[in-house]
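What follows is one structure encoded as structure tokens, with my remarks underneath.
The values are calculated or read from the model by the stated rules, or taken from the named source; none is laboratory data. Fair warning: this is a prediction, and the values are worked out from it, not measured in the lab. No Cβ is skipped: glycine too gets one built from the backbone with ideal geometry, and neighbour counts run over all protein chains shown. Surface areas here come from the heavy atoms of the whole protein model, side chains and all, with no ligands, DNA or RNA. Shrake-Rupley method; radii C 1.70, N 1.55, O 1.52, S 1.80 Å.
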Amino acid sequence: MSKFALMIFRKDCMGCHACEVACKQEHGLGVGPRFIRVLENGPDFFPVYCHHCADAPCLRACPVNAISRNAEGIVLIDRELCIGCRECLPACPFGAMQFDEESEVAVKCDLCIDR
């Protein structure tokens, strides 16, 4: 079975934020959550995104098993099961987990699974 991942070469990032815009557009995200964030540190830019970890700390941190991994290795959040406790947010070593204040659930990159 194939495993999927998002690869961004940090050394090539010029901070244009096009990845953020494309992601927000694809997912219909309003103000607030960004599944990809580009942070600036001096002249360097650092894309922050979910790495769909093989041993995902966010998955282990969820007390209601709302976070799972599918056969392709994509770590997903079941919005119906999420209780909005935010335990997964500090568990993510990449800071990729977000909290959607409007829907009161955790959100993150799903590698455009609907595509």
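For segment 89-107, give me the residue count where each residue is in contact with a strand residue (DSSP E or B) (Cβ under 9 Å, 6 or more places away or on another chain) and either modelled with pLDDT of 95 or more or among the aliphatic types (A, V, I, L, M) (or both).
Count: 6.
Conditions (1) among the hydrophobic types (A, V, I, L, M, F, W, C); (2) closer than 23 Å to Gly28 by Cα; (3) in contact with a helix residue (DSSP H, G or I) (Cβ under 9 Å, 6 or more places away or on another chain), marked per residue:
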position: Cys58; (1), (2), (3): yes, no, yes
position: Cys62; (1), (2), (3): yes, no, yes
position: Ala66; (1), (2), (3): yes, yes, yes
position: Glu101; (1), (2), (3): no, yes, no
position: Glu104; (1), (2), (3): no, yes, no
position: Leu111; (1), (2), (3): yes, yes, no
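Taking the numbered list (1) farther than 18 Å from Cys112 by Cβ; (2) touching a Cys at 6+ places or on another chain (Cβ under 8 Å); (3) not in a helix (DSSP H, G or I) in turn, Cys58 passes all entries but (3). If the condition is being over 15 Å from the mean Cα position of the chain (by Cα) and among the basic types (Lys, Arg), then segment 47-76 contributes only Arg60.
Which ones in segment 1-25 are surrounded by fewer than 13 Cβ atoms within 10 Å (Cβ to Cβ) and either of a type in the set (Ser, Thr, Tyr) or closer than 20 Å to Phe99 by Cα (or both)? Within segment 1-25, Ser2, Val21, Ala22, Gln25 qualify. Filtering Leu76, Leu59, Leu81 for residues that are in contact with a Lys or Arg (Cβ under 7 Å, 6 or more places away or on another chain) and hydrophobic (A, V, I, L, M, F, W, C) leaves a single hit, Leu59.
Screening Pro47 with (1) open to solvent by less than 20 Å² (accessible area, probe 1.4 Å); (2) touching a residue at least 60 places away in the same chain (Cβ under 8 Å) gives one miss only, at (2).
Scan segment 82-115 for residues that are of a type in the set (S, T, N, Q) and outside any loop (DSSP other than H, G, I, E, B) and jot them down.
Of everything in segment 82-115, just one residue is of a type in the set (S, T, N, Q) and outside any loop (DSSP other than H, G, I, E, B), namely Gln98.
When Glu40 is tested against the conditions (1) in a loop (DSSP other than H, G, I, E, B); (2) open to solvent by 80 Å² or more (accessible area, probe 1.4 Å), the lone failure is (1). Among residues of segment 77-88 being touching a residue at least 24 places away in the same chain (Cβ under 8 Å) and touching a strand residue (DSSP E or B) at 6+ places or on another chain (Cβ under 6 Å), the one that is most open to solvent (accessible area, probe 1.4 Å) is Arg79.
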